[in-house]
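Here, each number is a calculation from the coordinates, and none is a lab measurement. Everything numeric here is computed off the predicted structure, so don't read it as measured data. Don't worry about glycine lacking a Cβ; one is built from the backbone with ideal geometry, like all the others, and counts go over all protein chains shown.
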Amino acid sequence: MTKTDLVDHIAEEAGLTKADATRALDAFMSGVTKGLKKEGKVALTGFFTFTAKKKAAKEGRNPRTGETVKIPARVAVTGKAGSKLKEALN
């Protein structure tokens, strides 16, 4: 499903215009981003939990040349499905 498909679904389900649904989805994504930056975790109970994890710098290898490459430190986002989402999918 693409963002456009999701906006169409939100608009239809909530009785919103596509413009309003786009703004709502953008606000949701902005809220998740801010929550991860500020607290490192965003939990939507029963649905999904987003977690920001710090990854240390490390050395890797270029598979083509075998040359050693430095991989900088970064923050990765992981997620875990909640019980209601798992139940809906199974």
Estimated vicinal HN-Hα couplings, Hz - region 62-68 in sequence order (Karplus 6.51, -1.76, 1.60; Gly, Pro = x): 6, x, 6, 9, x, 5, 6
Of Phe50, Ser30, Gly40, farthest towards positive along the dipole that unit charges on Lys, Arg, Asp, Glu beta carbons give region 14-90: Gly40
Quick check on the chain: of the DSSP beta bridges with both residues there, what percent are antiparallel, nearest 5%? 100 percent
Name the shape class, rounded, prolate or oblate, that the alpha-carbon gyration tensor gives for the chain, where a ≥ b ≥ c are the square roots of its eigenvalues, rounded holds for a/c under 1.5, and otherwise prolate holds if a/b is larger than b/c and oblate otherwise. prolate
Report the number of Lys pairs in the chain whose alpha-carbons are under 15 Å apart, with separation of 8 or more residues or on distinct chains. 13
Overall form of region 45-90 per C-alpha gyration tensor (a/c, 1.5; a/b vs b/c): oblate
